[in-house]
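These notes are about the structure you will find just below.
Derivation of every value follows stated rules applied to the coordinates shown; laboratory data play no part. Worth saying up front: this structure is predicted, and the values here are computed from it rather than measured. Note that we place each Cβ from the backbone using ideal geometry, even for glycine, and neighbour counts take in every protein chain shown.
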Amino acid sequence: MKNTIRVERAIKDITQAELAEKVDVSRQTINAIEAAKYVPSTVLALKIARLFGKTVNEVFELEEGD
Amino acid sequence: MLPFSILLLVAYYHFDYSIRLLKYNPDKKGQIGYIFTDQAEFILSKNFAADYTGTLGMICTFIALFMIAFSREKHEDEYVGIVRLRALQISVYANYMILGLTALTLFGSSFLMVMEINLFTILILFILIYQYQLHIKPRFSKSGTA
C-alpha cells in the first residue's frame, strides 16, 4: 500500500513527531507507515486523513500485488 | 529500566558466585549443573548459602528480564503491539532452532547446561529483537529523521 503522508506532511510543514502527537501514536509508527513497513489500522488511517483534511483514499492507495 | 539492569547484573554476580563455589568443591557426580548439585549439597550438608545463591540469582534474573521485556513503552500504540508480538514469535522460533542445534551437537551432562541457559534465551532474544525493531532499525531507514 502506498501513501502520501510524507508529501502531506511537507505541505502542512509538520514533523513526524508533531504528526504522531496529533494522531496520538508514537513517532516510530509514523516512521514505519511512511517507509511502507507498516499498514495502519483503519482508525489510524481515518485519523491521519482527517488531520490532512482529505479522504483516506487520497492519502492511502492500493498498489500492484495488494 | 536501569535499576533492573543493575539487579540483573547482581543476579549474574550471584550466578558466578555459585559456579565458583562449585569449582572449589567439585561434586562427585561431575558437571551436572549447579542447581541439581546445590540441591544435593543442601540435602547432604545443609549448606543454605550455596542453595540460595542460585535460586536468588535465577529469580532476580527472571524478574529483571520480565520487567525489561514487558514494560510499557512511553507511548504504547498499535504498531508497538505488533512489533512486540512479532519479536516474541521470532524469539520463540530462534530459541527452538538454537535448542535443536545444541541437541544435535551436545550430549549428556553438558546438554543440561544448555537447558539452563535456555530458560533465559527466549526473553533475551525477545528483548534484543524488540529493541532493534523499534528503536535501532528506524535510525538506519531513509525516513529515520523526524
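Partner shielding of B:125-134 amounts to 1, given as the average count of beta-carbon atoms from other chains within 10 Å of each residue beta-carbon.
By per-residue mean of other Cβ atoms within 10 Å, what is the highest-first order of A:41-54, B:121-134?
Values: A:41-54: 15.6, B:121-134: 18.0.
Most protected by this proxy first, the peptides run B:121-134, A:41-54.
Stretching the chain fully between A:ALA35 and A:ASP66 yields a gain of 9.5 nm (0.36 nm per residue, less the alpha carbon separation). Take the Cβ atoms of A:GLU58 and B:HIS75, set R0 to 35 Å, and the FRET efficiency comes out at 0.85.
Between B:LEU101 and A:LYS47, what FRET efficiency comes out of the Förster formula 1/(1 + (r/R0)^6) with R0 = 45 Å and r the beta carbon distance, rounded to 0.05? Can you show the working numbers first?
Numbers: r = 46 Å, r/R0 = 1.01.
Computed FRET efficiency for A:LYS47 and B:LEU101 comes out at 0.50.
Please give the FRET efficiency for B:GLU116 paired with B:ARG86, using the beta carbon to beta carbon distance and R0 = 25 Å, rounded to the nearest 0.05. For B:GLU116 and B:ARG86, the calculated efficiency is 0.35.
Please average, across the residues of A:35-42, the number of beta carbons from any other chain that are within 10 Å of each residue's own beta carbon, and give a whole number. Let's see the in-between values first.
Details: counts 6, 1, 6, 4, 1, 3, 4, 0.
Counting Cβ atoms of other protein chains within 10 Å of each residue's Cβ and averaging gives 3.
For the residues of A:1-13, the average number of beta carbons from a partner chain within 10 Å of their own beta carbon is 0.
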